Every structure is written in structure tokens, then in C-alpha cells.
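First the structure, in the form of C-alpha cells, and then the observations on it.
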Amino acid sequence: MSPDILFALAVTLIPVAAMSGWYYRGHARGKSQSSRERLQGQLARNYLDGLRFLLDDKPDRAIETFLRTLEVDEDTIETHFALANLFRRRGEVSRAIRIHQNLISRAGLSTEQRITAVRELAIDYYRAGLLDRAEVLFRELLDTGPRHNEDLKYLLDIYRQERDWDKAVEIAGLLQQARVSGMEREHAHLLCEQAAEGGVDGALHDARDLLEQALIIDHRCVRARLMLAGLERNAGQYRRAIRHLEQVVTQDRAFVPEILEPLVACYQALGRTDELHAYLAELARMRTGTSTVLKLAELEADAGQVDGAIRLLLTELRDRPSLQGLDRLVSYLLLQGTNDDAALSQVREFTHRLVATGTTYRCQQCGFEAHSLHWQCPGCKAWSTVKPVDDKTGD
Ligand SMILES: [Zn+2]
């Protein structure tokens with residue numbers, strides 16, 4: 001046992017010894033002289049035994065003695081809680097569990113003390129990774145007493161870890177009712193998780209309901225819009241899909257790169273490339289980022305209008321120089337055929353390498369970088385903070 005916990009235990013036990021004396025005086029009053037002496041002697045022996053176990057580095061036997069010696073009542077219960085918390089802070093959760101279990105098993109606790117003991121034991125289980133047991137106790141607290149936001153937060157975390165989205169949504173709803181700030185964003189994401197799970201079963205209308213509910217709770221939830229667009233697109237409802245995709249621009253412009261590919265697919269499915277061009281041109285005028293101009297140039301080039309694509313890129317590069325833009329420009333110049341192909345090829349190789357090694361997504365809260373989109377940041381666990389990095393040098 002480390003010196004600090006030894007010290008802390010000793011400090012905890014000294015008042016225990018003092019209280020044992022008090023206990024003796026309070027409870028042995030009226031008893032015969034000999035029984036009083038017997039009790040006092042027993043307490044003193046137990047205390048000394050406890051100390052000896054501590055010094056011999058046998059904390060479990062010390063706790064055993066301590067629990068036997070110290071009656072749980074109004075005056076000693078705080079000492080029990082203090083000792084258990086001490087163990088828990090030290091990461092010795094199983095010892096905290098034993099003390100809290102011992103408290104709960106005792107008769108004579110007030111309702112408030114019992115609730116506190118159950119809550120502390122629930123936290124012990126949570127810390128020990130015994131999530132099932134923690135859940136049962138937090139649920140019990142929820143069902144029996146007034147709701148505590150802290151209990152709800154533990155439950156929410158348990159359900160999140162177990163990926164039990166139905167129950168997580170239920171708890172998030174209760175936290176939102178309690179006006180806990182910042183819950184809207186999380187609540188909406190949990191509904192998206194629920195919808196994503198239901199989507200596997202093909203329950204389209206259920207998923208749609210959940211996602212629309214997510215948007216009512218948090219109208220800025222880009223994920224719900226993108227998922228709704230995906231549902232509609234799969235169902236062949238391209239107009240509806242386009243409406244959802246175009247809403248993303250008003251929600252958060254940083255996500256424009258995410259809508260371009262599905263947007264092109266939907267307009268092409270409708271055979272309305274004219275509308276697509278007009279819309280992308282409008283997006284480009286709104287300065288929503290280099291990716292929009294790149295997509296426009298790509299469409300031009302695909303239609304055989306390489307000159308047009310080059311003109312678009314030249315304008316964009318003069319305005320906002322970027323590696324991606326440069327990379328694309330060189331590709332189109334090569335496609336068109338120039339006088340100095342070798343030099344251009346070299347430039348292109350160089351720029352292409354730079355583009356390929358760049359990050360595509362970054363968390364705006366912790367800076368976590370990724371090559372694919374995470375709705376919950378793997379780094380800091382925040383929701384919706386990982387966003388597309390539109391360009392390596394531009395924007
Ligand atoms: Zn992060």
C-alpha cells in the first residue's frame with residue numbers, strides 16, 4: 001500500500017476510534033459496569049487490529065475490521081462514504097464497492113442516506129465497467145426518487161456505450177426536458193443512430209419519422225438532412241432528395257463538399273443537368289468553397305468542354321489559389337495538349353502527391369484528422385465537430 005493511502009486510512013480511522021468511544025458512552029449507558037468494559041475493550045482491540053492490518057499492508061483485512069467495528073449510524077456514515085470515495089479515487093473500485101454494499105445492507109439508514117449509498121455504488125459499478133449492474137441501480141434511482149441530471153447523464157453514457165439507441169433517446173429526452181444545455185445536438189444524433197439501425201430493416205417511414213424528429217429538435221443537424229436525402233434518393237424521390245441536400249447549405253456551408261456527389265446523381269437521374277449547372281453556378285457565386293468550382297469544371301470537362309473547365313479553374317485560382325484547383329488545372333491542360341508536356345507532367349505529379357497526402361476531415365474542437373467522416377469525433381467524443389476540410393491551402 002502506498003504511503004498516501006496508508007496515511008489517509010489512518011486519518012480516517014482516528015476519528016473512528018474516537019467515535020467508537022462515543023458509541024460506547026452513548027449506547028452502553030445503563031448497562032452494567034462489566035458489559036460496558038467488555039464492549040470498550042472489544043472496540044479498542046478491533047481498532048488496533050485494523051491499524052495492524054494497515055501497517056502490514058493488508059488493506060482488505062483492515063477494511064473488514066473497520067466495517068465490523070464501525071456501526072453505521074448518523075455519526076459514522078460520513079466516515080464510511082469518505083473511506084469508500086478515497087478508494088474509488090485511487091482506482092481501487094472493488095474496495096469502494098464492498099464498503100457501499102455493506103452500507104446498503106445495514107438497517108437503520110434514512111431514506112436519503114440509502115439513496116446516496118445506492119448512487120455511490122452505481123458509480124462504483126460504472127467505474128469498474130460493470131455497466132449492467134450500474135444501469136439497474138441508476139434505473140432504480142430514477143424510478144424511486146426525484147430525477148437527478150447526474151444519474152441521467154450516467155445512464156445516457158451507459159446506453160451510448162452499449163449502443164442501445166432506443167434507451168439513449170429516451171434518456172436524452174428526459175435531459176432535454178430538464179433543460180440541460182447542449183442536449184439538442186446529442187439528442188438529434190441519437191435519433192440519427194436509431195434511424196440508421198432501423199434503416200437496415202428497411203423500415204423507411206420509421207427512419208424518416210426519426211430523422212424529421214431529429215431536425216425538429218436540432219434544425220442544424222446536417223446528418224439528419226444527409227440521411228433523409230439518402231432515403232429519398234434510394235426510394236427514387238430525387239426532387240425530395242435534392243430539397244434536403246440544398247438545405248444543408250443553409251445549415252452549415254462547411255458541409256457543401258458532402259452534398260455535391262449525391263446532388264449531381266439526383267439531378268442526372270432526373271435528366272436535369274441544366275438545373276444542376278445553374279444551381280452549382282449559384283453555389284459558386286455564394287463562395288461556398290473550391291469544391292463547388294471543381295465539381296462544375298468536372299461537369300464541363302465530362303461534357304467535352306475542356307476549355308470551359310480551364311477558364312473556370314483559372315478564374316477560381318486567381319481568386320483563391322489552392323492545390324486541388326492547381327492539380328485539376330494541370331490535368332485539363334494535359335488533356336488539351338500543350339507545347340511543354342514533360343514540364344507540366346512533372347508539376348502535376350508534384351501537386352498530385354501533395355493533394356493525396358492531405359487530410360480530408362478535421363475536428364474543429366480537438367483537431368483530430370481523418371480520411372473519412374465521423375459524426376462523433378473519435379478524439380474528443382463531441383458530436384458534429386468533425387467537418388470536411390474543403391481544401392488544403394485554399395479556404
Ligand atoms: Zn474532436
### Task
Given the peptides 169-177, 94-102, 293-301, arrange them by the average over their residues of other C-beta atoms within 10 Å, most packed first.
293-301, 94-102, 169-177
#### Entry: Computed FRET value (nearest 0.05) for Val389 with Glu150, which takes r as the C-beta separation and R₀ as 35 Å
0.45
### Heavy atoms of Arg127: accessible area, 1.4 Å probe, square angstrom to 10
130 Å²
#### Entry: For Val389, distant residues with modelled amide H under 5 Å away
Tyr361, Arg362
### Task
Pick out, from Ala195, Leu174, Ala207, the residue whose Cα sits farthest towards the positive end of the charge dipole of region 142-211, with +1 on the Cβ of Lys and Arg and -1 on the Cβ of Asp and Glu.
Leu174
### Summary
Once phi for every residue in region 240-247 is put through the Karplus expression 6.51 cos²θ - 1.76 cosθ + 1.60 (θ = phi - 60°), the whole-Hz ³J(HN,Hα) values, with Gly and Pro written as x, are 5, 4, 4, 4, 5, 4, 5, 5
#### Entry: Most to least packed among 228-234, 50-56, 146-152 [average Cβ atoms within 10 Å]
228-234, 50-56, 146-152
### Task
First check a/c for region 217-319, with a ≥ b ≥ c the square roots of the eigenvalues of its C-alpha gyration tensor; if it is under 1.5, answer rounded, and if not, answer prolate when a/b is larger than b/c or oblate otherwise.
oblate
### Query
By per-residue mean of other Cβ atoms within 10 Å, what is the highest-first order of 302-308, 181-187?
181-187, 302-308
## Note on the structure
Surrounding charge for Pro262, neighbours by C-beta under 14 angstrom, Lys/Arg +1, Asp/Glu -1, total +3
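The values are calculated or read from the model by the stated rules, or taken from the named source; none is laboratory data. These numbers were taken from a predicted model, which means no experiment stands behind them. Glycine also receives a Cβ, built like all others from the backbone with ideal geometry; neighbour counts cover every protein chain displayed. Protein only, heavy atoms only, side chains kept; ligands, DNA and RNA dropped before computing areas. Shrake-Rupley method; radii C 1.70, N 1.55, O 1.52, S 1.80 Å.
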